[in-house]
Amino acid sequence: MTSPLAPFLALCGSFALSWLLTGRVLAYLRRKAILDHPNDRSSHSIPTPRGGGWGVMLTLLPAWTLIAMTADHPLRALPILAGTVALMAVSWMDDRRGLGPAPRFLAQIAAVVAGLAALPGGALPGGPLPGDGLVFQGLLPFWADRLVAAVGWLWFVNLFNFMDGIDGLAGGEAASIGAGLALVATLAALDPALALYGLAAAGAALGFLVWNWHPAKLFMGDVGSVPLGFTLGWLLLVLAASGLWVAALLIPAYFLADATVTLLRRLVEGKKVWQAHREHFYQKATQRGRSHAQVVRLVLALNAALLLLAVASLALGWVVLPAGAAAVVLLLALLARPVRAAA
């Protein structure tokens, strides 16, 4: 049985540990001169330590391990924890030496394929579900359900990395997803471990944000953004497989929309979609006069509205989706507009 103090410990304990570890990581990165130097695709103007994601992930891994050990089905998270460690190792090598797209992508595919066993209805046991554990709720046969889920999961891993481009954005989104998922899972009376995983992710992200809010003292780097995308993607798929697919779409809707629309636009224009660029809506907003903090505040405000809609979806179902889509489109349009200079 979950202790009444568990949610508080998951959130506040993760926050405190992440804040402390990220500060230590910052000192190490400065001492070793591990810096992200500005270039024509950057959104910063001075060399800044990169690799702060170590503070987040060295908080999240032990927190999730403890949660898994006390859960009804402790083996369920094992492939996720193992995949997270593997992605951290490969991503850190990429941060330090710059790997090509092939080894990064192969590592992500391997982690996602292994992680499919941790989905409800997979090879490993899971908690009680209102449905049959299919992500797409029976619209597809089991093999197709898992195939499409794997492709979506792989895309989420990469889009989370793509969207880590200005101070505070990835950390703010991770905190929003973790906290939002925890609230929805609790209200829907799902496996308590799911809410604890979300709260631990939110706390770890908030502890990192203390150091990463504009002007950032350090950046997350791939060592943080890639495994965060992997772990949060798993939680969202579990939520969808539990029958709450509307909430699973709404909670991360801004990241999904910005990254997907940008990718499709670059594909149409014949550009290399795997290359770094400054064409996301949030990046264009900073180029057109908004500060990093202003953009992130707008995204967080949208996330709060999306969370309210996700909660409403527990009673109303899919009918709240048009309102969520409209809210996302309005923010994308706002970010694309130049900021008027003061008279």
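Return the distance in nm (one decimal) between the two label points of a simple spin-label model at residue 93 and residue 148, each offset 7 Å from Cα along Cα→Cβ.
Label-label distance for residue 93 and residue 148, simple model: 3.5 nm.
For residue 36, what residues show an amide H to amide H distance below 5 Å, using hydrogens built from the backbone and excluding near sequence neighbours?
Close amide H contacts, sequence-distant or interchain: 48, 50.
Using R₀ = 35 Å, calculate the FRET efficiency as 1/(1 + (r/R₀)^6) where r is the Cβ-Cβ separation of residue 213 and residue 264; round to 0.05.
0.70
Please give the calculated 222 nm ellipticity per residue for the chain, where each DSSP H segment of at least 4 residues contributes -39500 (n - 2.57) and the sum is spread over every residue; nearest 500 deg cm²/dmol?
Per the formula, -22000 deg cm²/dmol.
From the backbone phi of the stretch 212-217, what are the Karplus-calculated ³J(HN,Hα) couplings (6.51 cos²θ - 1.76 cosθ + 1.60, θ = phi - 60°) in whole Hz, Gly and Pro given as x?
Those phi angles translate into 9, 5, 5, x, 5, 7 Hz.
Could you work out the longest stretch of the chain that avoids the chymotrypsin sites (Phe, Trp or Tyr not before Pro) located in DSSP loops with at most 16 other Cβ atoms within 10 Å?
Between exposed loop sites, the widest span is 1-135.
How much net charge surrounds residue 209 when only other residues with a Cβ under 14 Å from its Cβ are counted (Lys, Arg +1; Asp, Glu -1)?
With Lys, Arg at +1 and Asp, Glu at -1, the net is -1.
Give me the net charge for the shell around residue 25: Cβ to Cβ below 15 angstrom, other residues only, Lys and Arg +1, Asp and Glu -1.
So the environment of residue 25 carries a net charge of +4.
With every protein chain kept in the model, how would you rank 258, 164, 94 by accessible area, 1.4 Å probe, largest at the top?
These residues rank, largest area first, as 164, 94, 258.
Using only alpha-carbon positions, what ratio does the radius of gyration of the stretch 242-343 give when scaled by 2.2 N^0.38 Å?
Here the Cα radius of gyration is 1.20 times the empirical estimate.
For residue 137, which sequence-distant residues (separation of 5 or more, or a different chain) have an amide H within less than 5 Å of its own amide H, given hydrogens modelled in the peptide plane?
none
Let's test the formula: R0 of 30 Å, r as the Cβ-Cβ distance of residue 12 and residue 32. What FRET efficiency results, to the nearest 0.05?
It comes out at approximately 0.45.
The values are calculated or read from the model by the stated rules, or taken from the named source; none is laboratory data. Treat the numbers as computed from the prediction; the structure is a model and nothing was measured. Neighbour counts run over all protein chains shown; Cβ positions are idealised from the backbone, glycine included. Ligands, DNA and RNA are excluded from the accessible area calculation, which covers all protein heavy atoms including side chains. Shrake-Rupley method; radii C 1.70, N 1.55, O 1.52, S 1.80 Å.
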